[in-house]
1. Kindly list, by first and then second residue, each pair from a residue in the stretch 17-32 that is in a loop (DSSP other than H, G, I, E, B) and surrounded by 13 or more Cβ atoms within 10 Å (Cβ to Cβ) to a residue that is among the hydroxyl-bearing types (Ser, Thr, Tyr) and modelled with pLDDT under 90, limited to pairs with Cβ atoms under 9 Å and residues at least 6 apart or on different chains.
2. Can you tell me how many residues within the stretch 61-96 are in contact with a strand residue (DSSP E or B) (Cβ under 7 Å, 6 or more places away or on another chain) and open to solvent by less than 10 Å² (accessible area, probe 1.4 Å)?
3. Quick one: count up the residues across the stretch 122-132 that are touching a residue at least 12 places away in the same chain (Cβ under 8 Å) and open to solvent by 70 Å² or more (accessible area, probe 1.4 Å).
4. Among what's in the stretch 95-139 and is of a type in the set (Val, Ile, Thr) and in a helix (DSSP H, G or I), pick the residue that is farthest from the chain's Cα centre (by Cα).
5. Scan the stretch 120-156 for residues that are farther than 20 Å from LEU91 by Cβ, of a type in the set (Asp, Glu) and at pLDDT 95 or above and report the count.
6. Confirm whether ALA135 is open to solvent by 40 Å² or more (accessible area, probe 1.4 Å) and within 12 Å of VAL70 (Cα to Cα).
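The values are calculated or read from the model by the stated rules, or taken from the named source; none is laboratory data. On a predicted model such as this, the values are computed, not experimentally measured, just so you know. No Cβ is skipped: glycine too gets one built from the backbone with ideal geometry, and neighbour counts run over all protein chains shown. These accessible areas exclude ligands, DNA and RNA; they are computed on the full protein's heavy atoms, side chains included. Shrake-Rupley method; radii C 1.70, N 1.55, O 1.52, S 1.80 Å.
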Amino acid sequence: MPLLAATTCPDSLLDDVRTHGAGRPPTPDDLTYSLTLPASATSPAIARRAVAAILQVHGLRGLTEAAVLVTAELAACAYRFTPAEEVYLRLRHRDGALRVIVYDGHPRHANARLAEICDERRGAALNLMACVVRACAGDWGFGEAREPGGGTRMWAVVPEEGARAYGMP
């Protein structure tokens, strides 16, 4: 059975999603989601499908091509680096841009040289994502997670206007 297949949902549930449970459709400003993904090779595919569905429901189809690629690259990097069994994905739309944040369990190295090497490897792993974000006139980065449990926080900001231009033929 395909992931996130709308045909497997009862019509009443789909109506609730379409009306945001409040008698109105979801808007871009309502977009705020958090997902825990397995730290596995399936995580990028799960993240792509989830983000595409979320953007569609919130009327942000113009963001889809860039946002799906950015999210999948962040999820793939998290999977490769984390020693944990899960990675955490957060999506939020604010001020005309989608913010994608992925947390993994890879802690910052205490040794400065090891930290530098690790940062270079992570940056290289995110090269494609960085190109897409730059093409959309967005911003990205990574660093130590401030949340309990530590690890690494990777993020990208994908502006709607830049993503629409990126996705045009």
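1. Close Cβ pairs (under 9 Å, with a partner that is among the hydroxyl-bearing types (Ser, Thr, Tyr) and modelled with pLDDT under 90) amount to PRO25/THR19; PRO26/THR19.
2. 12
3. So the answer is 1.
4. If we take residues in the stretch 95-139 being of a type in the set (Val, Ile, Thr) and in a helix (DSSP H, G or I), then ILE117 is farthest from the chain's Cα centre (by Cα).
5. Qualifying residue count for the region: 1.
6. The answer is yes for ALA135.
Each row is one residue, and each column tells you yes or no for (1) closer than 16 Å to GLY151 by Cβ; (2) within 14 Å of the chain's Cα centre (by Cα); (3) at pLDDT 95 or above; (4) not aliphatic (A, V, I, L, M).
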position: LEU37; (1), (2), (3), (4): yes, yes, yes, no
position: ALA47; (1), (2), (3), (4): no, yes, yes, no
position: VAL51; (1), (2), (3), (4): no, yes, yes, no
position: LEU55; (1), (2), (3), (4): no, yes, yes, no
position: GLU65; (1), (2), (3), (4): no, yes, yes, yes
position: GLU73; (1), (2), (3), (4): no, yes, yes, yes
position: THR82; (1), (2), (3), (4): yes, no, no, yes
position: LEU89; (1), (2), (3), (4): yes, yes, yes, no
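Okay, residues lined up against (1) within 23 Å of LEU31 (Cα to Cα); (2) among the charged types (D, E, K, R); (3) surrounded by fewer than 14 Cβ atoms within 10 Å (Cβ to Cβ); (4) free of Cβ contacts under 8 Å to residues at least 60 places away in the same chain:
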| residue | (1), (2), (3), (4) |
| --- | --- |
| ARG99 | yes, yes, no, yes |
| GLU116 | no, yes, yes, yes |
| PHE142 | yes, no, no, yes |
| GLY150 | no, no, no, yes |
